[in-house]
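Q: Let me give you the structure first, and then I'll get to my questions.
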Amino acid sequence: MKNQVKSWKSILDNFFFVSQVNGKRPKTLQWYKETLIPFTKSVPLEELSVYSIKKYISSLRERGLKPASIDTHIRAIKFFLHFLYDEGYLEENISAKIKRYKLPKSYPHILNDEQILNLLKVCDKKSWDGFRNYVIVLTFLDTGIRLSELLNLTVNDVNLPKRSIFIRSGKGEKDREVYMGKTLVREMAKWLKMRGYFPYEERVFITKQGYPLNKRGVERIIERLARKAGIKGVRCSPHTLRHTFATNFIRNGGDVFTLQKILGHADITTCMIYVHMGGRQIQEAMMKN
């Protein structure tokens, strides 16, 4: 570290300022603060070295942090080290000497085709709430939207002639538009008619009393339908349905860049897991674009 640098605080202030100017999202800035402030408190400025960094990483393991959490810290530290070198605080870029934590390969659970059909079959489409639940499941499987996005979906967000849904992500990401398949368009139109008019509530998915469904309510609906469908070995949740959509999108020839836009991910690497889940077939599909 060069002699003219007086404190970690001045460096961190500069780092956070530059990150903000470069368009880093609030969530990313918060991640930097949660990982780098403890790091700079533990490693004195004058002792910054590959050894002291590795020693700090070892202390995270000793504190009982899980491998995924430790790797999150390492990613932030490596990015910070790049900044220190680029800004002239370090004469050598030592980031390459800090290795990422090896994580066990784990893939999200998804439903197979038979489980999807069974899940849809057990919905009682003749009853008001049963048909609502059917359209909820279909919306997850057909669009891959998040649970929070489904809960916030309003009647005006659904454009049946255009076959699209406008998504307000609510996660600091950009709003986006996703498109519905023919089946979902048809069933969504039936649901909106069956739903009825409630002047005080504009959410698409509501209770019989006209109040919006909440997070736990939808989770219970999916769990109950999964038990009824006899789905075992997979924890069936709204996020499982989102993973299922993403994997099937790639398997059916979609490319990872379009999937990134549909899912509303800022970083394409988040979507790469779906490429690896289906082996060569999925990798070939990804390369079509």
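The values are calculated or read from the model by the stated rules, or taken from the named source; none is laboratory data. Given the structure is predicted, the values throughout are model-derived calculations rather than measurements. Cβ sites come from the backbone with ideal geometry, for glycine too, and all protein chains shown count toward neighbours. When the accessible area is computed, the model is the full protein with side chains, heavy atoms only, and any ligands, DNA or RNA have been set aside. Shrake-Rupley method; radii C 1.70, N 1.55, O 1.52, S 1.80 Å.
Q: Which condition breaks for PRO44 when tested against (1) more than 27 Å from HIS265 (Cα to Cα); (2) touching a residue at least 24 places away in the same chain (Cβ under 8 Å)?
A: (2)
For (1) surrounded by 11 or more Cβ atoms within 10 Å (Cβ to Cβ); (2) free of Cβ contacts under 8 Å to residues at least 24 places away in the same chain, each residue gets a yes or a no:
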| residue | (1), (2) |
| --- | --- |
| GLN20 | yes, yes |
| VAL50 | yes, no |
| ILE53 | yes, no |
| GLY64 | no, yes |
| ASP71 | yes, no |
| PHE80 | yes, no |
| GLU91 | no, no |
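Q: Which one of the conditions (1) modelled with pLDDT under 95; (2) assigned to a helix (DSSP H, G or I) does VAL185 fail to meet, given that it meets all the rest?
A: Checking VAL185 against (1) modelled with pLDDT under 95; (2) assigned to a helix (DSSP H, G or I), the one that fails is (1).
Q: While we're on this one: Inspect segment 99-106 for any residue being of a type outside the set (Asp, Glu) and in a helix (DSSP H, G or I) and give the result as yes or no.
A: Kept after step one, since they are of a type outside the set (Asp, Glu), are these residues of segment 99-106: 99-106.
Then drop every residue that is not in a helix (DSSP H, G or I), which leaves none.
No: zero hits.
Q: I need a count of the residues in segment 188-205 that are in a loop (DSSP other than H, G, I, E, B) and surrounded by 12 or more Cβ atoms within 10 Å (Cβ to Cβ).
A: Total satisfying the criteria: 5.
Q: Here is a further query. Suppose the filter is over 20 Å from GLY144 (Cα atoms) and either open to solvent by 50 Å² or more (accessible area, probe 1.4 Å) or in a loop (DSSP other than H, G, I, E, B) (or both); does LYS208 pass it? It would help to see each step written out before you state the result.
A: Numbers: over 20 Å from GLY144 (Cα atoms): yes; either open to solvent by 50 Å² or more (accessible area, probe 1.4 Å) or in a loop (DSSP other than H, G, I, E, B) (or both): yes.
It is true that LYS208 is over 20 Å from GLY144 (Cα atoms) and either open to solvent by 50 Å² or more (accessible area, probe 1.4 Å) or in a loop (DSSP other than H, G, I, E, B) (or both).
Q: Further question: Only one residue in THR35, THR40 is open to solvent by less than 30 Å² (accessible area, probe 1.4 Å) and over 25 Å from the mean Cα position of the chain (by Cα), so which one is that? Step through it out loud before you land on a result.
A: On the way: THR35 fails: over 25 Å from the mean Cα position of the chain (by Cα).
Being open to solvent by less than 30 Å² (accessible area, probe 1.4 Å) and over 25 Å from the mean Cα position of the chain (by Cα) holds for just one of THR35, THR40, which is THR40.
Q: Exactly one condition in (1) of a type outside the set (Gly, Ala, Ser); (2) more than 19 Å from the chain's Cα centre (by Cα); (3) at pLDDT below 95 is false for ILE110; which is it?
A: (2)
Q: Next question, about the same structure. Confirm whether PHE16 is within 24 Å of ALA266 (Cα to Cα) and without any contact (Cβ under 8 Å) to a residue 24 or more places away in the chain. Please lay out each step first, then the result.
A: On the way: within 24 Å of ALA266 (Cα to Cα): yes; without any contact (Cβ under 8 Å) to a residue 24 or more places away in the chain: yes.
Spelling it out, PHE16 is indeed within 24 Å of ALA266 (Cα to Cα) and without any contact (Cβ under 8 Å) to a residue 24 or more places away in the chain.
Q: Test ARG195 against the criterion of being of a type outside the set (Ser, Thr, Tyr) and within 28 Å of the chain's Cα centre (by Cα), and give yes or no.
A: no
Q: Please verify whether segment 213-223 includes one or more residues that are open to solvent by 30 Å² or more (accessible area, probe 1.4 Å) and either within 16 Å of ILE167 (Cβ to Cβ) or of a type in the set (A, V, I, L, M, F, W, C) (or both).
A: At the first step, the residues of segment 213-223 found to be open to solvent by 30 Å² or more (accessible area, probe 1.4 Å) are 214-216, 219-220, 223.
Within this subset, residues satisfying the condition of being either within 16 Å of ILE167 (Cβ to Cβ) or of a type in the set (A, V, I, L, M, F, W, C) (or both) are none.
Checked segment 213-223: no residue is open to solvent by 30 Å² or more (accessible area, probe 1.4 Å) and either within 16 Å of ILE167 (Cβ to Cβ) or of a type in the set (A, V, I, L, M, F, W, C) (or both).
Q: Which of the residues that make up segment 170-179 are out of contact with any helix residue (DSSP H, G or I) (no Cβ under 6 Å at 6 or more places or on another chain) and open to solvent by less than 30 Å² (accessible area, probe 1.4 Å)? Don't jump to the end; show me each part of the working.
A: Applying the first criterion (out of contact with any helix residue (DSSP H, G or I) (no Cβ under 6 Å at 6 or more places or on another chain)) to segment 170-179 yields 171, 173-177, 179.
Result: ARG176, single match.
Rundown of residues vs (1) within 22 Å of PHE15 (Cβ to Cβ); (2) polar (S, T, N, Q); (3) outside any helix (DSSP H, G or I), yes/no style:
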position	(1), (2), (3)
ILE53	yes, no, no
GLY64	no, no, yes
ALA68	no, no, no
PHE83	yes, no, no
ASN93	yes, yes, yes
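Q: Just one of (1) closer than 24 Å to ALA266 by Cβ; (2) open to solvent by less than 60 Å² (accessible area, probe 1.4 Å); (3) in contact with a helix residue (DSSP H, G or I) (Cβ under 7 Å, 6 or more places away or on another chain) trips up ARG100, so point out which.
A: For ARG100, the exception is condition (2).
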